[in-house]
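These notes are about the structure you will find just below.
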Amino acid sequence: NKIYEDDIIECWGRNLRIVWCNGDASFFAESVDGTIFESGQEWGNNCEVVGNIYQNKELLNEGSD
């Protein structure tokens with residue numbers, strides 16, 4: 001599955017928002033508490049797109065610390 005900026009993914013029991021970083025020219029996943037997870041192949045193996053911030057913002061409250 002393709003992942004886009006502002007998608008919400010479920011990884012390792014946490015819901016994370018996909019963010020773009022211009023400085024690094026890459027995508028990251030960010031938790032509600034601000035923890036950043038770098039992109040990588042492990043996303044494809046352990047993660048699933050569950051929504052996006054426009055239609056499913058409430059998902060960011062679930063699975064957070």
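The values are calculated or read from the model by the stated rules, or taken from the named source; none is laboratory data. Being a predicted model, the structure only gives us computed values, none of them experimental. When we count neighbours, we look across all protein chains shown, and the Cβ atoms used for this are built from the backbone with ideal geometry, even at glycine. These area figures cover heavy atoms from the full protein model, side chains too; ligands, DNA and RNA do not enter into them. Shrake-Rupley method; radii C 1.70, N 1.55, O 1.52, S 1.80 Å.
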Looking at the range 1-39, which of its residues are closer than 19 Å to GLY51 by Cα, polar (S, T, N, Q) and open to solvent by 50 Å² or more (accessible area, probe 1.4 Å)?
ASN1, SER39
Pair list, Cβ under 6 Å, 6 or more apart: the range 15-33 residue basic (Lys, Arg), other residue open to solvent by less than 20 Å² (accessible area, probe 1.4 Å)
ARG17/ILE8
